[in-house]
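Q: Sharing a structure with you now.
The values are calculated or read from the model by the stated rules, or taken from the named source; none is laboratory data. Note that the structure is a prediction, hence the values are computed from the model and not measured. Glycine gets a Cβ as well: all are built from the backbone with ideal geometry, and neighbour counts include every protein chain shown. For accessibility, only protein heavy atoms count, side chains too; no ligands or nucleic acids. Shrake-Rupley method; radii C 1.70, N 1.55, O 1.52, S 1.80 Å.
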Amino acid sequence: MTSPVPDAPDAPDTTADGAPAAFPLARSCPFSPPDGYAPMREKGGLTKAVIPSGKEVWLVTGFQDVRTALSHPAAGSDARHPAFPALGDGEQAVAAELRPFIRMDPPEHTRIRRMLVGEFTVKRVRAMRPAVEAICREQADRLLSLPAPADLVGEYANRVSTTVICRLLGVPMEDLEFFRRITSVSGARTSTAEEVGAALSDLFGLIDRLIDEKAQEPGDDLISRLVNGPLARGEITRTSLLSQIGITLNAGHETSRNMIPLAALDLLRHPDQLDLLREDPSLWPGAVDELLRHLSVADVITLRVATGDIPLEGATIPAGDGFIALLAAADHDPRAFPDPGRLDITRAQRNHVAFGYGAHQCVGQNLGRLEIEVALRVLFEKAPGLRLAVPLEDLPLRSTSAIFGLDEVPVSW
Amino acid sequence: MVNPAPGLRLAADADVCAGAGQCVRAAPELFDQDDDGLVVLLAADVPEDSRARALDAVDLCPSGAIALRGHPAPPAPDTGADRLPPGP
Ligand code: SF4
């Protein structure tokens, strides 16, 4: 679940006096990582920071170090570990209770992840393209039928991402609006903890009911296959299945909802890059990876505990300590990506870590790429004059959530 | 960067595969995924013109499931070290 992250300070309360920096840090610009990352990365090794719970954690910032740390067998993801560096209030307790597979270690993690990977193979995702295209066209037409300015987040990206993930999971159309209401409450900065709690319990109620329905009448969807496969065979408990479907739904929806509007804006402020895409649409897949790298919206999702010493380039994460491998810091490491602040859709390197790295690397990444590509292509095709309707500085940054994004993006066309 | 020796040979270990299909995206002529999402090696000997894509696949694989060796390779003890991702 993308639980809210407490308000982030603007700048690192840094280590001039040797005191650990306060973490998380806020972005000063929606298109760049927090300013505090570069000095940490330049200094090399690890940076000690204090998270809102008062725990001290290590921040990993170099590209190679982030990859080494995340793929090391001692990188533990179990949220029940006391040193687990949860950023949000109650996030650790919730994860320890619900046990979504992203917060588990092998062999448990491997077992549950394997139930899901078959749904997201390159081949299967490719087969979903026509359906995703139809969804994006319909939503773009709807957006463009509204009086301008309209909100690109609520009226397009959110609708595209919820429709795609609901289609994949087998959430029927009649439940879609209900589902959208739940996710807009659980994803909104303005929602109280009670409202988020109530929204999540509504969501679990919906999944719970679907599990029963799909046991009776299976369809061609992920929930049906899990219910009639692993659940029927007793390989997973109903409670665990509920959690795994919940996290898949939430992760799948939240990331695209945030990436699509932000990526659209990123292209709008780089008209030369957008022109390249208009001239040669075969550049789109590479552009999506570059946008993923440039924006790295899931920056702080990689919370880990070292279950053994993890040696890095210039330091070692000691066994028993919590660490956060900062994906946006790694993706802006000039040693890995020359001139990293520049959006260059023709960049040859594709080895960014926007989807994480190691055994937990995003299971739905191919669907994510497809969704972002199609949503942007259709949008720019149907609205060639698309533009931001307010000054960029007026957009509220959504820095209090585990996935970075903008709450609202008013556009005209 | 891995230093490519002439005649590269691939090995893929489905037991450690995380199934995200990065290898298939990088080099569809060398890798596939089975219905369960796990890596399937289509060609162990890397043709000359697939070399760059094979190196990319090894670099992109997040789990270290793909190993690349110069060929003929001396039968080295499997320390797992060759499965670790190479440098940037
Ligand atoms: S890239 Fe690696 S982990 Fe992903 S499917 Fe291929 S072998 Fe498996």
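Q: When DSSP beta bridges are limited to those with both residues in chain A, what percentage is antiparallel, rounded to the nearest 5?
A: Working: 18 of 23 bridges.
Antiparallel bridges make up about 80 percent of those DSSP assigns within chain A.
Q: Could you give me the radius of gyration and the Dmax of the range A:242-288, taking only the C-alpha atoms into account and expressing both in angstrom?
A: 14.7, 45
Q: Check A:Asp321: other-chain or 5+ apart residues with amide H under 5 Å from its amide H, H built from backbone geometry?
A: A:Ala306
Q: When the Cα atoms of the range B:4-65 are enclosed in a convex hull and the volume is divided per residue, what value in Å³ results? Before the final figure, lay out each step's value.
A: Values: hull volume 4.3 nm³, N = 62.
Spread over its residues, the Cα hull of the range B:4-65 gives 69 Å³ apiece.
Q: Across the range A:283-298, in residue order, what do the Karplus-derived ³J(HN,Hα) couplings come to in whole Hz, using 6.51 cos²θ - 1.76 cosθ + 1.60 with θ = phi - 60° and x for Gly and Pro?
A: 7, 4, x, x, 5, 4, 5, 5, 5, 4, 5, 4, 8, 5, 5, 8
Q: What average count of beta carbons from other chains do you get within 10 Å of the Cβ of residues in B:16-29?
A: Whole-number average of other-chain Cβ neighbours for B:16-29 is 6.
Q: Just reorder A:Glu177, A:Glu393 by solvent-accessible area, largest first, 1.4 Å probe, all chains present.
A: Details: A:Glu177 90, A:Glu393 150 Å².
These residues rank, largest area first, as A:Glu393, A:Glu177.
Q: Something else about it: What are the trypsin sites (Lys or Arg not before Pro) within the range A:302-381 that DSSP puts in a loop, where the Cβ has at most 15 other Cβ atoms within 10 Å? Write out the running numbers ahead of the final one.
A: On the way: sites: A:Arg304, A:Arg335, A:Arg342, A:Arg347, A:Arg350, A:Arg369, A:Arg377; in loops: A:Arg335, A:Arg342, A:Arg347, A:Arg350.
Taking the range A:302-381 and a limit of 15 other Cβ atoms within 10 Å, the loop trypsin sites (Lys or Arg not before Pro) found are A:Arg335, A:Arg342.
Q: If the viscosity is 1.306 mPa s and the temperature 10 °C, what Stokes-Einstein diffusion coefficient in µm²/s follows for chain A when Rh is the Kirkwood radius over Cα pairs?
A: Taking Rh from Cα pairs, D becomes 73 µm²/s.
Q: Rolling a 1.4 angstrom probe over the protein heavy atoms, how many square angstrom per residue are accessible across the range A:259-413?
A: Solvent-accessible surface per residue comes out at 32 Å².
Q: Any idea how far the Cα center of the range A:357-374 sits from the one of the range A:204-219, in Å?
A: Spelled out, the Cα-based centre of one part sits 26 Å from the other.
Q: While we're on this one: In debye, nearest 20, what is the charge dipole magnitude of the protein assembly as shown about its Cα centre with +1 on Lys and Arg Cβ and -1 on Asp and Glu Cβ, if you could check?
A: Around 480 debye, computed over the protein assembly as shown.
Q: Now for a separate question. Over the range A:104-187, what lengths in whole Å, largest first, do the semi-axes of the equivalent ellipsoid take, defined as the square roots of 5 times the eigenvalues of the alpha-carbon gyration tensor?
A: Semi-axes from the Cα gyration tensor: 29, 17, 11 Å.
Q: Right, next: Express in Å², to the nearest 10, the accessible area of A:Asp280 obtained by rolling a 1.4 Å probe over the protein heavy atoms while all chains stay in place.
A: Roughly 60 Å² of A:Asp280 is accessible to a 1.4 Å probe.
Q: So, one more: Going by accessible area, probe 1.4 Å, with all protein chains left in place, what is the ranking of A:Met115, A:Met173, largest first?
A: My answer, sorted largest first, is A:Met173, A:Met115.
Q: So for A:Arg99, A:Arg278, A:Arg142, what's the accessible-area order with a 1.4 Å probe, most first?
A: Result of the area sort, largest leading: A:Arg278, A:Arg142, A:Arg99.
Q: Step through the residues of the range A:97-111 one at a time and calculate ³J(HN,Hα) from phi using the Karplus curve (6.51 cos²θ - 1.76 cosθ + 1.60, θ = phi - 60°), rounding each to whole Hz and writing x for Gly and Pro.
A: Residue by residue, the range A:97-111 yields 7, 7, 6, x, 5, 5, 10, 10, 10, x, x, 4, 4, 4, 4 Hz.
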